[in-house]
Every structure is written in structure tokens, then in C-alpha cells.
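First comes the structure, then the notes that go with it.
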Amino acid sequence: MRNRGRLIRFVVIVQFILFLAHWLLYKTWTFSVGGGHAYGPIGLKFVLSFLSITFVSASLLAFNFTNVAVRIYYRVAAVWAGLLSFLFAAAVCVWAAFAVASGIGAHLNFHPVVQILFGFALLAGLSGLLNASLTRITRTTVRLANLPAAWRGRRAALISDLHLGHVRNGSFLRRMITTILREKPHAVFIAGDLYDGTAIDAMKAAAPLSKLKAPHGVYFVAGNHEQFRDDSKYLNAVRAAGVRVLHNEKVEVDGLQIAGVPYHLAWQPKVFASVLRALHLDPGRASILLTHAPDHPEIAEAAGLSLQLSGHTHLGQFIPWSWIAKRIYRQFVYGLSRIGKMQVFTSSGAGTWGPPLRLGSNPEIVLLQFE
């Protein structure tokens, strides 16, 4: 009941924020053109009122149903939510410019400014839609102390945050697998959020993973979206496809220690530290930790790990959220960084959550070469 109450409060808060954002768009446009414009406040008010409830309602439907109608409705709502972010930012800029102009006694022709900034906002949103569909390969070299001789020169693929659900599905996963196999990595790491957490046939969605093969294994660790509810159906589907699920465990491959801790344990500092101690890692030998988010790298470093592989941040996906992500995760928000003796690589992910847009971040598959 407590979790249900929190969910209801969260939904109410999000919906209230969306109402305010749409109200600002309405006020900005009608102030600029006047009530008698052909787009008329009544028609515009109706359209924006409907759009303001689409994302919350589509999300609630998506968590409970999976059919063509829900998928289409969710995709439309998700795209609009992304465009809204840019339009809201444009509206704020318009009013800021108007306030400055009024303060210094200058005349600002409000309507052209609104048209120009709203036009740029829509163009930015459409560019983000296109960019989100263009997956890149990011190549980087990682030098690890005490790396076993057998691993020198070997390559591993890192992929995270595919978010299979109502926007992306099995065809997207098959494309990612084809791209990975073309690179012939020696190992593959899937750093969580394979699923979006919405209603889905988990077995069918994960089935393409049976084609994903690597000489030294394919490994998966659960992300927060697998753990919105009971994660067993997702983990069982991944296992059924032949992928090794690392759940608070360590495996050794040709002298390299590979460990995995799922999100719901790794984000709790004391629990995370306890789990790592129980793995009995040898700090004198090279090791890799696969965990979804770069929340507490200092704990992994204290446990003697050599390299942490994560995703989760999406690098904020698109502006202005990318700025917020950088404030939260600092140097660990993206790419290769270091804390003490441990290195951290955080991927921006291959898919998207919510709005299928990326601007200021790129969807990627990471190819790591060990030296």
C-alpha cells in the first residue's frame, strides 16, 4: 500500500507539471497572436489539454497492456513529450527575452520571436528523433594492471539500455546483435535495462539473444527497469536465450575476474559493499564489475576492482536533461574515467526511455580493447 501511495503521488506530480508546461505554451502562443487569431484559443486549448494527459495515460496503459493500439498511442505520446521539452524551453526563453526588453524599455516584437524559437524547438526535436535511430560504435582502449596475458588485445562489446517495449522491440534488438557480431568481440556485456519495464512478452523479446555468441561468454546484469516489479520473468527470459545472468556472483575466464551486481542492490551503499565483500575478489588480479548505474564507484574501487562497466545515465538523452545528468553523475556520466585505482566506463546506451529522442548524446555500442 505504501508503494502504491508513492506511485499515485508521483503520477499526480508529473501530471501537474505537464499541465503547467502546456499552460505556458498556450499563454505564450495566444499572447503573441491575440485571441482572434485563426488558431483560436478554444481549439488550441482543447488540443493542448488533450496532449497534456497523453504521456501519463499512455505510460499507465503501457505498463498493463501490450497491443497495437497501446503501442501507437504510447509512441505518439512519447514523441510529443520530447517535443514538449524543447517547446517549453523555447517558451521560457521568449518570456525571459520579453522581461529583459521590458526592463530596459526596449520594444520586442513578441510574435516573430515566438515563431522563430518555436520553429527552432521543433527542428531540434525532429533532429533528436533522427539521431536516436542512428546507433554508433564507440571504440576505446582500456589498460588494466595485472591483466592476464590471454586477455591482452582481446575485445569486448558493451551494450546497455535497449529498453525493449512499446517503442523498440525484437527487430531493434536483432539489428544491435547483427552489428555486434560483425565486430567479432571475444566477450559481450549487457549492462541492464534490456527491457523498458512495460507490458511485454519477455521470452519473445529476448529470443534474438540466442544468436548473440562470443568465445568467452555473453553476460547480463539487471537494471532498474527490469526491477520495477518482480524481475524473475525478465531474468528467466534472458537465461532461456543462453545469456549468463550475473546476480551477485563472480566468474573467472582465462584468469580475468568478471562480477555482476544488479541495480537494486548496487544503489544501496552498505548492501553494495557487503555483496562485493562476499564475492571474495582478488585485488591483486584484474577484474571487471558489471553493474547498471555508476552510482557508487567509490565502493567498487575500495573493493579492489579494476574496471566498472555501466550504463543508465543515457547521458541525459537530450538537452536540457543532459545538463542535469552531468550534475548528478559528474565525471562518471559518460565515457572512460578513473577513481583511485579503478576505471569506470559508462555507456550512453543504445535505446531511449520515454521520448525516443537524442540530442547532445548518441546511441551506441561500445567496443573495448584490453591492453
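Within the range 249-273, the set of residues being within 22 Å of A145 (Cβ to Cβ), touching a Gly at 6+ places or on another chain (Cβ under 9 Å) and surrounded by 15 or more Cβ atoms within 10 Å (Cβ to Cβ) comprises K250, V253, I258. Going through L246, L276, L290, L235 one at a time, which residue ends up being out of contact with any His (no Cβ under 7 Å at 6 or more places or on another chain), surrounded by 19 or more Cβ atoms within 10 Å (Cβ to Cβ) and closer than 19 Å to L147 by Cβ? So the residue among L246, L276, L290, L235 that is out of contact with any His (no Cβ under 7 Å at 6 or more places or on another chain), surrounded by 19 or more Cβ atoms within 10 Å (Cβ to Cβ) and closer than 19 Å to L147 by Cβ is L290.
Taking the criterion of being assigned to a loop (DSSP other than H, G, I, E, B) and in contact (Cβ under 8 Å) with a residue 24 or more places away in the chain, the residues of the range 278-297 that qualify are L279, H280, L281, D282, G284, R285, A286, H292, A293, P294, D295, H296. Determine, yes or no, whether L20 is loosely packed, with under 13 Cβ neighbours inside 10 Å, outside the structural domain of W353 (by TED's automatic domain parsing), at pLDDT 90 or above and part of a helix (DSSP H, G or I). Criteria met by L20. Among the residues of the range 314-330, the one identified as aromatic (F, W, Y) and within 11 Å of N362 (Cα to Cα) is F318.
If you go through the range 322-371 and pick out every residue that is crowded, with 21+ Cβ neighbours inside 10 Å, within 25 Å of R175 (Cβ to Cβ) and among the hydrophobic types (A, V, I, L, M, F, W, C), you end up with 7. Just one of (1) touching a residue at least 24 places away in the same chain (Cβ under 8 Å); (2) out of contact with any Leu (no Cβ under 9 Å at 6 or more places or on another chain); (3) under 27 Å from R71 (Cα atoms); (4) crowded, with 17+ Cβ neighbours inside 10 Å fails for D193. It is (2).
Every condition in (1) crowded, with 20+ Cβ neighbours inside 10 Å; (2) part of a strand (DSSP E or B) holds for V114 except the one numbered (2).
Residue-by-condition table, conditions (1) part of a strand (DSSP E or B); (2) under 24 Å from L336 (Cβ atoms):
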position: G223; (1), (2): no, yes
position: K233; (1), (2): no, no
position: A259; (1), (2): yes, yes
position: I299; (1), (2): no, yes
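So, R338, is that one of a type in the set (D, E, K, R), closer than 16 Å to P294 by Cβ, in the same structural domain as L144 (by TED's automatic domain parsing) and part of a helix (DSSP H, G or I) or not? No, not satisfied. Return the residues of the range 58-103 that are among the polar types (S, T, N, Q), part of a helix (DSSP H, G or I) and farther than 18 Å from Y26 by Cβ; say none if nothing qualifies. S59, S102 - these are the residues of the range 58-103 that are among the polar types (S, T, N, Q), part of a helix (DSSP H, G or I) and farther than 18 Å from Y26 by Cβ.
Scan the range 292-339 residue by residue and report those that are under 20 Å from L162 (Cα atoms) and polar (S, T, N, Q). Across the range 292-339, the qualifying residues are Q308, S310, T313, Q317, S322. V275 meets each of the listed conditions (1) over 14 Å from the mean Cα position of the chain (by Cα); (2) part of a strand (DSSP E or B) apart from (2).
Taking the range 157-196 as the range and being more than 27 Å from A77 (Cα to Cα), in a helix (DSSP H, G or I) and among the aliphatic types (A, V, I, L, M) as the test, the residues that pass are I177, I180, L181.
For L122, state whether it is within 31 Å of the chain's Cα centre (by Cα) and part of a helix (DSSP H, G or I). Yes. Only one of the listed residues (F63, F55) is surrounded by 15 or more Cβ atoms within 10 Å (Cβ to Cβ) and modelled with pLDDT under 95. That residue is F63.
The values are calculated or read from the model by the stated rules, or taken from the named source; none is laboratory data. Remember, it's a predicted structure, so these values are computed and weren't measured experimentally. When we count neighbours, we look across all protein chains shown, and the Cβ atoms used for this are built from the backbone with ideal geometry, even at glycine.
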